[in-house]
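**Student:** Starting off with a structure, shown below.
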Amino acid sequence: FFKVFSIDTLTVYDSTTFVSISRYIAILPDTIGKWTIEGVSSKEFSSKFYKPQKIDSISPWAEDTTTKSKVWWGRFYVKTNLKYSKLFFISLFGDTVKLYCPDTLKGFIEKRSGNALPLKERDVQFGGFQIYLSFNLLNDNKIQTFYFRIGTKDKIPGGFVASSSSIHEQEIIYLNEIKVRFILGILAGIFLLAAIINLTFFISLKDFAYLY
């Protein structure tokens, strides 16, 4: 049932701004939906993770649709080659999303997000339809192991979990968010101006057509 492939380690440099991490992710279906990070990160589960099989160039990480689940676990390795520690964002898809960041004292730090979670309870409270979670990378030149858990209302293939994942530098995300809000502000201003003009015509001409 499980497909065994070698998993590459993602190396992050000071110049890294965006990385599609599909090739670095190993996945594991949680058919009962009750596994914990303690169990999944144990040696017992280590060999059960597998890499989605490439099928074609159009959907390079699409897995055969016979393997579907409402809950998927993902794992990827990151090695840093940084002068200074940096904050990154990972983009994941799902109704409930949990990212487990390695921590020397606690084992893992859990961060939450997802479409089913209220905005104020999400780790990153912007992004629109995009779901982001933040994590720090230290300049220690060591390999760190990250895990994530994705839950959806309907069963999805694991290949989709991998193909929809990417890492972004903090500054890039902030700049994109500023651009989006600027454009939305311009559109809101245009609609407000149109409403004021129509209201002015209505007051002057008493024509209800300007209220529509």
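**Student:** At a 1.4 Å probe radius, which order do GLU110, GLU38, GLU169 fall into by accessible area, largest first?
**Tutor:** GLU38, GLU110, GLU169
**Student:** Something else about it: Taking 0.36 nm per residue of sequence separation and subtracting the Cα-Cα distance, how much length would be gained by fully extending the chain between ILE143 and THR104, in nm to one decimal?
**Tutor:** Extra length from ILE143 to THR104 when fully extended: 12.7 nm.
**Student:** Can I ask one more? Applying a 10 Å radius around every beta-carbon, put 190-203, 17-30 in order of their mean neighbour count, most first.
**Tutor:** Per-residue mean Cβ counts within 10 Å order the peptides as 17-30, 190-203.
**Student:** Another question, then. If you rank LYS111, LYS120 by how much accessible surface each has, with a 1.4 Å probe, what is the order from largest down?
**Tutor:** LYS120, LYS111
**Student:** Next question. Over 29 Å between Cα atoms, which of LYS142/LYS179; LYS70/LYS111; LYS68/LYS142; LYS34/LYS83 qualify?
**Tutor:** From the list (LYS142/LYS179; LYS70/LYS111; LYS68/LYS142; LYS34/LYS83), the Cα-Cα distance tops 29 Å for LYS142/LYS179; LYS68/LYS142; LYS34/LYS83.
**Student:** For labels at PHE201 and LYS179 in the simple 7 Å Cα→Cβ model, what's the distance in nm?
**Tutor:** Between PHE201 and LYS179, the simple spin-label model gives 3.5 nm.
**Student:** Listed highest first by mean packing, meaning other Cβ atoms within 10 Å per residue, what order do 76-82, 101-107 come in?
**Tutor:** 76-82, 101-107
**Student:** So, by mean Cβ neighbours within 10 angstrom, what's the order for 44-50, 31-37 with the highest one leading?
**Tutor:** Packing order, densest peptide first, comes out as 44-50, 31-37.
The values are calculated or read from the model by the stated rules, or taken from the named source; none is laboratory data. Owing to the predicted nature of the structure, the values given are computational and were not obtained by experimental measurement. For neighbour counting, all protein chains shown are included, and Cβ atoms are generated from backbone atoms with ideal geometry for every residue, glycine included. Protein only, heavy atoms only, side chains kept; ligands, DNA and RNA dropped before computing areas. Shrake-Rupley method; radii C 1.70, N 1.55, O 1.52, S 1.80 Å.
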